[in-house]
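In what follows, a structure is listed as structure tokens, so that the remarks can point back to it.
The values are calculated or read from the model by the stated rules, or taken from the named source; none is laboratory data. On a predicted model such as this, the values are computed, not experimentally measured, just so you know. Cβ placement follows ideal geometry from the backbone for every residue including glycine, while neighbour counts extend to all protein chains displayed.
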Amino acid sequence: MSFQTRSVTIWAPNMKRIFLVLFISPIVVGLISFSSTPVKATNLSLGADYLLRGVSVGKRDKNQKDIDYYDSQLSAYLITDLSRDVEATIRVQSITPWGLENSTSALASRYPNANGNLWVQNAFIRLPNIWEERITVIAGRQPIVWGEGAILSDDDLGFNAIRVQIKNPLSAFNWLGPLRKWEFDIDAFSAKINEGLQNAGDTDLHGVKVGYDQPWNAFNESNVIRWDVMSLWEDNQADHTYQVGSSSTTTLAATKVKRQIMGIRAKGTLRDAYIFGEYYRQSGDIFYSNQKIGLKGEAYRFGLGGKANTKKIGRFGAVLEISEGSGDDPGTEGDDEAFRPTYASRWTGLERKGYGRYFAASFSDVYSSTTPFAEVNSINDGLPPGVSGIQTIHFGVESTPWAKWTFSFDYFLYKAIENLGGQKDLGTEFDYALEYRYSGLVTFRGTFNQFRPGESFSIDTKENATLSSFEIDLRF
């Protein structure tokens, strides 16, 4: 199973705390100095996360070279309650492969800086007590993730956005009678991705999600099924190059892309088990040379998993998932049915994440062996020419025989939905991982992952590939 580490706030020892105070205090003082009235923090939390990773990647193409590198990622944060009604968060980040610190040659990546210099990941205020604590407003550069990030995640970059969260809005109106008891929540935001002050063309992103917890009484236990209905609007008016899903070489000089993704997601939990499902549908248009191509397509994910205590192998868990994003039908020239969510979750630091630690598949793209750090788009999707849409079947198990040790194994089967070359077998992957929790502050991880390319890849150049990694994760 894939590991996910959640950041928690832990007070650091004295020397570390002094370092963090010296590091972040100038930022706090700068913010407070702009206030017209004195600001006094009622609660202050400082912390930092440091990840050191060594990676060795064997390429899946004989014409490309293997790569080996170390990279480090430092994230320092401050969270403070300026008053009961105002919270502020600042998080700065530095990320770089070892040896590229302060390099004048920029690494082609999705980050504003990947040469070791600091940049602002988050800087926002949160107002949690509006309208009798029903409304929370968040303004600034902030993290936004829907579910597991299938269509929306900032992936530790942050979105410049204004966000409004409303809890049980009907409860405030007595005249609604029984409808007042219908408890649901609304999460809406408007984000500015790119501003066209210097270069023509803005990029805006807007979203609304409505959630509801449905009681689920099973096996004499009270549980809930979480339902989310959502819609995401992307408006990209900057000139850029776009490649239709069914095309292997032809690109368009797009002047505008308007994309909408609507979806529904449900997840139910029962004791130590869970089941989930989600479905998404895409619409919109790509404008180029006074013409346009319609955007269509759909995607789904279903899965179930659970854990249980055993006598011989300790805590044991298993998961089964299937994921599929539609590909572009080559017979419909006026439409592109390839489901491509621009802002889906794809990254953990400089490395890809997704189904499989090597192939790292999403609905529409995979690890690129030619430009592994570059931002994903319709051209840089990592797939063989003419391929669009990906189906993934995932089975995984994990065991924690001792309190500090966890072993895991994952198997992935990949299939292309559309391929101009005919063959749709993308390959298989076997992942092995070991995690040792040295303490609550330090975790060690090691992985070995094997990818076997399928018949969709050129038989003349393809070869089995591996990815090995070792990580040290420090949180203080």
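Given the conditions (1) surrounded by fewer than 15 Cβ atoms within 10 Å (Cβ to Cβ); (2) within 24 Å of ILE95 (Cα to Cα), and given that TRP182 satisfies all but one, which numbered condition is not satisfied?
(2)
Here's a check for you: in the stretch 244-257, which residue that is modelled with pLDDT of 90 or more and not small (Gly, Ala, Ser) is farthest from ILE286 (Cα to Cα)?
Ranking the candidates gives THR255 first.
This table checks each residue for (1) in contact with a strand residue (DSSP E or B) (Cβ under 9 Å, 6 or more places away or on another chain); (2) among the small types (Gly, Ala, Ser); (3) at pLDDT 95 or above.
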residue	(1), (2), (3)
ASP185	yes, no, yes
ALA191	yes, yes, yes
ALA200	no, yes, no
LYS209	yes, no, yes
ASP213	yes, no, no
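Per-residue answers, yes or no, for (1) over 22 Å from GLY277 (Cα atoms); (2) free of Cβ contacts under 8 Å to residues at least 60 places away in the same chain:
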| site | (1), (2) |
| --- | --- |
| GLY314 | yes, no |
| GLU324 | no, no |
| ASP335 | yes, yes |
| SER345 | no, no |
| GLU351 | yes, no |
| PRO372 | yes, no |
| ILE390 | no, no |
| PHE412 | no, yes |
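For a quick check of your reading of the model, give me the residue pairs whose first member lies in the stretch 106-123 and is on the phi > 0 side of the Ramachandran plot, whose second is in a loop (DSSP other than H, G, I, E, B) and among the aliphatic types (A, V, I, L, M), with beta-carbon atoms closer than 9 Å and at least 6 apart or on different chains.
Cβ pairs passing all conditions: GLY116/LEU100.
Name the single residue, out of those in the stretch 48-75 being acidic (Asp, Glu) and assigned to a strand (DSSP E or B), that is farthest from THR466 (Cα to Cα).
ASP49
Take THR406 and tell me if it is touching a strand residue (DSSP E or B) at 6+ places or on another chain (Cβ under 8 Å) and polar (S, T, N, Q).
yes
Could you give me the residue pairs with C-beta distances under 6 Å whose first residue belongs to the stretch 436-462 and is within 27 Å of LYS62 (Cβ to Cβ), whose second residue is of a type in the set (A, V, I, L, M, F, W, C) and not in a loop (DSSP other than H, G, I, E, B) wherever it lies, and which are 6+ apart or on separate chains?
THR447/ALA433; ASN449/LEU467; GLN450/PHE430; PHE451/ALA465; GLY454/LEU426; SER456/VAL387; SER456/ALA416; SER456/LEU426
Which of the following residues is in contact with a Gly (Cβ under 9 Å, 6 or more places away or on another chain) and either surrounded by fewer than 23 Cβ atoms within 10 Å (Cβ to Cβ) or among the aromatic types (Phe, Trp, Tyr) (or both): TYR355, TYR367?
TYR367
Within the stretch 460-469, track down each residue that is closer than 18 Å to ILE67 by Cα and in a loop (DSSP other than H, G, I, E, B).
THR461, GLU463, ASN464
Condition check: closer than 26 Å to GLN93 by Cα, under 25 Å from the mean Cα position of the chain (by Cα), assigned to a loop (DSSP other than H, G, I, E, B) and not basic (Lys, Arg). Does GLY149 satisfy that?
Criteria met by GLY149.
Considering the stretch 83-108 alone, what residues qualify as being crowded, with 18+ Cβ neighbours inside 10 Å and either farther than 24 Å from ALA139 by Cα or aliphatic (A, V, I, L, M) (or both)?
ALA88, ILE90, VAL92, ILE95, THR96, PRO97 - these are the residues of the stretch 83-108 that are crowded, with 18+ Cβ neighbours inside 10 Å and either farther than 24 Å from ALA139 by Cα or aliphatic (A, V, I, L, M) (or both).
When you scan the stretch 260-349 for strands (runs of 3 or more DSSP E) that lie fully inside it, which ones turn up with 2 or more residues that are among the basic types (Lys, Arg)?
298-310
Can you tell me which of TYR432, TYR414, TYR436 is hydroxyl-bearing (Ser, Thr, Tyr), at pLDDT 95 or above and closer than 23 Å to GLU337 by Cα?
Testing whether each residue is hydroxyl-bearing (Ser, Thr, Tyr), at pLDDT 95 or above and closer than 23 Å to GLU337 by Cα leaves just TYR414.
Take the residues in the stretch 109-148 that are basic (Lys, Arg) and surrounded by fewer than 18 Cβ atoms within 10 Å (Cβ to Cβ), then tell me which one is modelled with the highest pLDDT.
ARG134
Given the criterion under 28 Å from SER388 (Cα atoms) and more than 27 Å from the chain's Cα centre (by Cα), identify the matching residue among ASP431, ASP460, ASP410, ASP425.
Checking each option against the conditions leaves just ASP460.
Based on what the data block shows, is ASN160 touching a Gly at 6+ places or on another chain (Cβ under 8 Å), surrounded by 15 or more Cβ atoms within 10 Å (Cβ to Cβ) and free of Cβ contacts under 8 Å to residues at least 40 places away in the same chain?
yes
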